[in-house]
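J.: Would you mind keeping the following structure in view while I ask a few things?
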Amino acid sequence: MALPYLEAVLCFMILMYIFETYLDIRQHRALKLPTLPKPLVGVISDEKFKRSRDYSLDKSYFHFVHEAVTILMDTAILYYKVLPWFWKRSGELVTKVGLNAENEIIHTLAFLAGAMVWSQITDLPFSLYSTFVIEARHGFNKQTIWLFIRDMVKGILLSMILGPPIVAAIIYIVQIGGPYLAIYLWGFMFVLALLMMTIYPIVIAPLFNKFTPLPEGVLREKIEKLAASLKFPLKKLFVVDGSTRSSHSNAYMYGFFKNKRIVLYDTLIQQCSNEDEIVSVIAHELGHWKLNHTAYSFIAVQLLMFLQFGGYTLVRNSKDLFESFGFEDQPIIIGLIIFQHTIIPLQHLLSFCLNLVSRAFEFQADAFAKNLGYAPQLRAALVKLQEENLSAMNTDPWYSAYHYSHPPLVERLQALDDPDSKKED
């Protein structure tokens with residue numbers, strides 16, 4: 001008798017949806033609170049709090065609808081065995097156009113192309129509403145519909161260019177991997193991750209945004225001086241035109257070894273009142289580099305990926321597993337999809353643990369900037385960015401503990417004000 005794998009997966013999916021919806025309800029109640037948290041009274045203006053509350057509640061209502069539709073569609077697809085039906089139809093299509101459906105790579109690419117079309121169709125209404133209703137209503141969206149369409153088309157074209165060779169390589173590795181399959185798959189994904197980290201900011205990101213060197217001036221001089229004092233190998237300093245799409249702000253750095261680059265969103269420069277506030281944000285980011293947070297996170301992700309591939313090798317030949325999901329044969333891509341569904345509880349647990357580590361890293365990076373003498377400036381910058389991005393002021397502790405990769409503003413400000421808390425390691 002075949003084990004009820006499908007039923008177990010559906011049960012896990014529904015239980016996780018119920019649990020996360022409970023957390024969403026708790027957060028929604030927190031967002032509806034009419035007053036600021038006590039530590040933010042006098043720090044955040046009443047006008048910004050009202051706008052933040054309205055924006056957060058709009059996003060919360062939208063999230064409830066989106067998640068409900070998603071779980072209904074995912075459950076229906078699995079319960080009514082849409083995947084095996086679509087796998088057969090994609091094979092028939094391959095045959096009709098004169099190609100060999102017995103070639104698993106060709107069959108898989110046809111299946112994934114159809115899945116991409118379905119995903120675009122089902123996601124488009126939500127993307128449009130989020131961008132042109134919610135974000136526009138609260139003053140964030142700067143995109144025209146044509147820019148939105150252009151970005152979508154570029155994304156599809158990139159998937160069509162990059163996807164086939166990656167999928168073909170994965171299928172080939174699984175076919176010839178033998179007892180060392182997990183090592184081969186991990187090695188391939190490791191190299192691919194390094195390659196994408198290299199080409200994304202240089203080749204892919206400029207397709208969507210314009211990157212220009214930060215002009216000479218006080219801000220550039222202060223950032224270069226800070227980087228030099230920490231022996232950070234800064235090669236290039238860019239400003240990205242994030243304002244063409246949104247008024248949300250950010251800053252990040254990338255690069256390997258002695259070729260590091262820092263990118264500032266133009267909105268960040270516009271929102272911070274002076275150069276020292278921007279430099280304090282960069283000091284925080286450099287703290288992540290100095291304390292090896294990026295390296296630790298990358299290693300953790302690679303370890304988890306290797307363990308997942310190891311688990312996949314144990315179940316990929318399970319006939320009962322495939323039959324439970326309605327498949328008569330055992331396509332490699334389907335095995336990977338099914339395996340991802342079977343480890344849903346573990347994935348959520350690992351995500352929770354990674355968020356715990358990430359929040360600890362954020363406190364350490366704040367402490368690093370504080371030890372450099374940027375505590376007042378960083379405090380002011382965090383408040384300004386919270387206000388300008390209309391981020392949630394009231395957060396439920398259970399919700400933030402489970403979902404947030406960054407600590408809530410209240411906790412970060414308390415850590416900056418407390419000389420003995422959250423010291424960098």
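The values are calculated or read from the model by the stated rules, or taken from the named source; none is laboratory data. Model, not experiment: these values are computed from the prediction. So basically every Cβ, Gly included, is an ideal-geometry build from the backbone, and we count neighbours across all protein chains shown. Surface areas here come from the heavy atoms of the whole protein model, side chains and all, with no ligands, DNA or RNA. Shrake-Rupley method; radii C 1.70, N 1.55, O 1.52, S 1.80 Å.
J.: Rounded to the nearest percent, how much of the accessible area of the chain (1.4 Å probe, protein heavy atoms only) is carbon and sulfur?
T.: 65
J.: Then there's this: Please determine, in degrees from 0 to 90 and to the nearest 10, the orientation of helix 181-199 with respect to the longest principal axis defined by the Cα atoms of the chain, where the helix direction is its Cα long axis.
T.: Result, in degrees: 40.
J.: I need the trypsin sites (Lys or Arg not before Pro) found in region 247-330, filtered to DSSP loop residues with at most 12 other beta carbons within 10 Å of theirs.
T.: Sites meeting the loop and neighbour criteria: Lys258.
J.: Just how far, in whole angstrom, is region 288-303 from region 143-204 if you go by their alpha carbon centroids?
T.: If we compute the Cα centre of each part, the gap is 22 Å.
J.: Starting from the Cα-Cα distance between Ile156 and Arg220, subtract it from 0.36 nm times their residue separation and give me the gain in nm to one decimal.
T.: This chain segment gains 19.4 nm when fully extended.
J.: Hand me the GluC sites (Glu not before Pro) from region 27-131 located in a DSSP loop with no more than 14 other Cβ atoms within 10 Å, in residue order please.
T.: Qualifying residues, ordered by number: Glu102.
J.: Can you list the chymotrypsin sites (Phe, Trp or Tyr not before Pro) in region 236-274 that are in a DSSP coil and have 11 or fewer other beta carbons within 10 angstrom?
T.: Phe256, Phe257
J.: Ok, one more. From the cross-link list Lys38/Lys225; Lys81/Lys154; Lys154/Lys319; Lys222/Lys290; Lys38/Lys370; Lys32/Lys210, which pairs have alpha carbons spaced over 29 Å apart?
T.: Distance filter (> 29 Å) returns Lys38/Lys225; Lys81/Lys154; Lys154/Lys319; Lys32/Lys210.
J.: From the square roots a ≥ b ≥ c of the eigenvalues of the alpha-carbon gyration tensor of region 268-326, which class results: rounded (a/c under 1.5), prolate (a/b over b/c), or oblate?
T.: Cα axes put region 268-326 in the oblate bin.
J.: Against the longest alpha carbon principal axis of the chain, how many degrees, from 0 to 90 and to the nearest 10, is the axis of helix 344-369 turned?
T.: 20
J.: Further, regarding this structure: State the answer as a single residue: which of Ser400, Val410, Pro376 lies farthest towards the positive end of the charge dipole of region 357-423, with beta carbon charges of +1 for Lys and Arg and -1 for Asp and Glu, about the Cα centre.
T.: Pro376
J.: Is region 192-303 rounded, prolate or oblate when judged by the Cα gyration tensor, a ≥ b ≥ c being the square roots of its eigenvalues, rounded requiring a/c under 1.5 and prolate requiring a/b larger than b/c?
T.: Because a/c hits 1.5 or more and a/b fails to exceed b/c, region 192-303 counts as oblate.
J.: I would also like to ask the following. If one computes the Cα centroid of region 87-106 and of region 341-382, what distance in Å separates the two points?
T.: Cα centres, region 87-106 to region 341-382: 47 Å.
J.: Asn250 to Lys319: FRET efficiency via 1/(1 + (r/R0)^6), r the Cβ-Cβ distance, R0 56 Å, to the nearest 0.05?
T.: For Asn250 and Lys319, the calculated efficiency is 0.70.
J.: Against the longest principal axis of the chain, how steep is helix 46-79, in degrees 0 to 90 to the nearest 10, with axes from Cα atoms?
T.: That helix lies at roughly 10 degrees to the long axis.
J.: Hey, another quick one. Using a simple charge model, +1 on the beta-carbon of Lys and Arg, -1 on the beta-carbon of Asp and Glu, nothing else, what dipole does the chain show about its Cα centre, in debye to the nearest 20?
T.: Around 720 debye, computed over the chain.
J.: Follow-up. Answer with one residue from Leu291, Leu268, Ser229: the one whose Cα lies farthest towards the positive end of the charge dipole of region 186-318, charges on Cβ with Lys, Arg +1 and Asp, Glu -1.
T.: So the residue furthest toward the plus end is Leu291.
J.: Continuing with the same structure: Provide the gained length on full extension for the span Ile145 to Met116, in nm with one decimal, where the gain is 0.36 nm per separating residue minus the Cα-Cα distance.
T.: Between Ile145 and Met116, full extension yields 8.3 nm more.
J.: Residues of the chain: accessible area per residue at 1.4 Å, in Å²?
T.: 53
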